[in-house]
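Please read the structure below before turning to the comments.
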Amino acid sequence: GVIIRDKTNRKRDSWKGFEKSYLNAMAEAIVSNDKVFMDKGNLYSRATGRLITPENAIKLLPPKKSEESLTVLKSVTASLRPALAKAIVNGDKTFVHNGNIYNLKGKIQDPATLIAEVMSTKTGAKYEASRYKGMEKGYLVARAHALKNNQPYFKHNNRSMDAISGRDLSSPFRSIAQTDA
């Protein structure tokens, strides 16, 4: 329903043959108002639903930004290009690929450091990266990505987590949970 309501000329029957993962990724792109989305490592245009190359995705940007972004895109390995193009086109500040978080230059970032930087900025308190030592890397990467891109929540292990507190949104103890350690 989300996909069909996104454009007036879309018909329900034409979307029946697509895989559920593709349909979910496209619906998430629509809800997030993204221009492109990824499914199984491939980049797709939200407007057409068709496969798009990272270079063509970058061309959706204004000319000057497109030129600068193409230069960055060509400087990274081919495996990073779809995820980097998605991040650039959709206006994100970071992207996740193979369990690591990257900046828009294609350089791996330390998730604990990113979390500490963003939390220090948002709260005015000083957070140290060492605070997150020993936590699961997947959790840290997902939280850092959400915080850096100003998203209110993130998904980890099929659970929705609050980006600021890092706590499970569906926990019955969330309202009474302490956030200071």
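The values are calculated or read from the model by the stated rules, or taken from the named source; none is laboratory data. Bear in mind the structure is a predicted one, so any value in this text is a computation, not a measurement. Cβ coordinates were reconstructed from backbone atoms using ideal geometry, including for glycine residues, and neighbour counts include every protein chain displayed. Side chains included, ligands, DNA and RNA excluded: accessible areas come from the protein's heavy atoms. Shrake-Rupley method; radii C 1.70, N 1.55, O 1.52, S 1.80 Å.
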Inset, instruction - Choose one answer from T113, T94, T121: the residue with the largest mean-square fluctuation in a GNM of the chain with alpha-carbon springs under 10 Å. - result: T121
Legend entry - Angstrom value of the Kirkwood radius, inverse mean 1/r, which spans all Cα pairs in the range 25-160: 15.7 Å
Legend entry - Once exposed loop GluC sites (Glu not before Pro) are cut out (DSSP; at most 14 other Cβ, 10 Å), longest piece of the chain: 20-127
Legend entry - Coil-residue trypsin sites (Lys or Arg not before Pro) of the range 80-134, DSSP, other Cβ within 10 Å capped at 11: K105, K107, K126, K133
Legend entry - Protein accessible area in the range 64-181, 1.4 Å probe - carbon and sulfur %: 50 percent
Inset, instruction - Show which aspartates and glutamates lie in cross-link reach of K11 when reach means a straight Cα distance below 17 angstrom and same-chain residues fewer than eight apart are skipped. - result: E19
Inset, instruction - Over the chain, give the accessible area per residue in Å² for a 1.4 Å probe, as an integer. - result: 62 Å²
Legend entry - For the chain, size of Cβ-based charge dipole, Lys and Arg +1, Asp and Glu -1, in debye: 420 debye
Inset, instruction - Could you list which residues have their amide H under 5 Å from that of V36, counting only those 5 or more apart in sequence or on another chain, with H placed in the peptide plane? - result: R46
Inset, instruction - Enumerate the calculated ³J(HN,Hα) couplings along the range 52-64 in order (Karplus 6.51 cos²θ - 1.76 cosθ + 1.60, θ = phi - 60°), each rounded to whole Hz, writing x wherever the residue is Gly or Pro. - result: 9, 6, x, 5, 5, 5, 4, 5, 6, 7, x, x, 5
